[in-house]
């Protein structure tokens with residue numbers, strides 16, 4: 001893991017000390033299927049169940065840097081998959097924060113929950129979204145991370161953000177940083193050149 005972290009630093013990510021600490025303390029190998037254990041520290045996406053992936057470490061670090069999570073915040077992790085991003089965020093927000101991961105595929109819900117349970121996080125959980133985009137019942141959130149590509153910016157997720165909150169979401173082939181500036185307005189920053197699995201909104 002140390003070699004991977006050094007590689008990511010050279011590529012210009014992991015500049016935030018809290019995100020760096022999370023990468024050091026949350027081992028990617030704990031979230032990779034057994035068949036890919038020997039490849040866990042390679043800087044590339046790896047398959048999980050149900051034609052999904054655990055994202056490339058560079059991409060995860062890049063998205064977390066854009067998201068800017070802080071201690072004590074409430075964060076929604078949409079498309080939590082293997083549970084890696086949920087765990088990284090849990091490490092960052094600490095005991096005073098909260099992270100809710102949502103996943104629509106039952107097999108991945110169980111896989112993510114099993115992986116998350118390897119760490120003693122009392123501040124996080126992964127739930128089955130059951131066709132609901134996000135987790136509106138517990139909204140609003142300080143930040144929202146989405147790890148699958150939407151065709152258009154989903155309005156229901158914007159509505160789950162605090163005013164002043166930030167969402168990082170892939171839309172088509174770009175990563176968007178969306179800041180909810182008022183009840184009705186957002187500020188959007190786009191970073192092109194990424195590929196994600198599509199965002200699944202129905203079971």
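The values are calculated or read from the model by the stated rules, or taken from the named source; none is laboratory data. Treat the numbers as computed from the prediction; the structure is a model and nothing was measured. Because the Cβ atoms are built from the backbone with ideal geometry, glycine has one as well, and the counts that use them run over all protein chains shown.
Among the residues of segment 41-55, those that are under 19 Å from residue 8 (Cα atoms), assigned to a loop (DSSP other than H, G, I, E, B) and either touching a residue at least 24 places away in the same chain (Cβ under 8 Å) or touching a strand residue (DSSP E or B) at 6+ places or on another chain (Cβ under 7 Å) (or both) comprise 41, 42, 43, 45, 55. Check segment 116-126 and report whether any residue there is free of Cβ contacts under 8 Å to residues at least 12 places away in the same chain and within 20 Å of residue 89 (Cβ to Cβ). Within segment 116-126, one or more residues are free of Cβ contacts under 8 Å to residues at least 12 places away in the same chain and within 20 Å of residue 89 (Cβ to Cβ). Quick check: anything in segment 157-165 assigned to a strand (DSSP E or B), buried (at least 18 other Cβ atoms within 10 Å of the Cβ) and touching a residue at least 24 places away in the same chain (Cβ under 8 Å)? Yes: one or more hits.
Name, by its number, the condition in (1) modelled with pLDDT under 95; (2) part of a loop (DSSP other than H, G, I, E, B); (3) more than 17 Å from the chain's Cα centre (by Cα) that does not hold for residue 107. Exception for residue 107: condition (2).
Which residue is surrounded by the most Cβ atoms within 10 Å (Cβ to Cβ), if the candidates are limited to segment 134-150 and must be modelled with pLDDT under 95 and in a loop (DSSP other than H, G, I, E, B)? So, considering only residues that are modelled with pLDDT under 95 and in a loop (DSSP other than H, G, I, E, B), the one surrounded by the most Cβ atoms within 10 Å (Cβ to Cβ) is 147.
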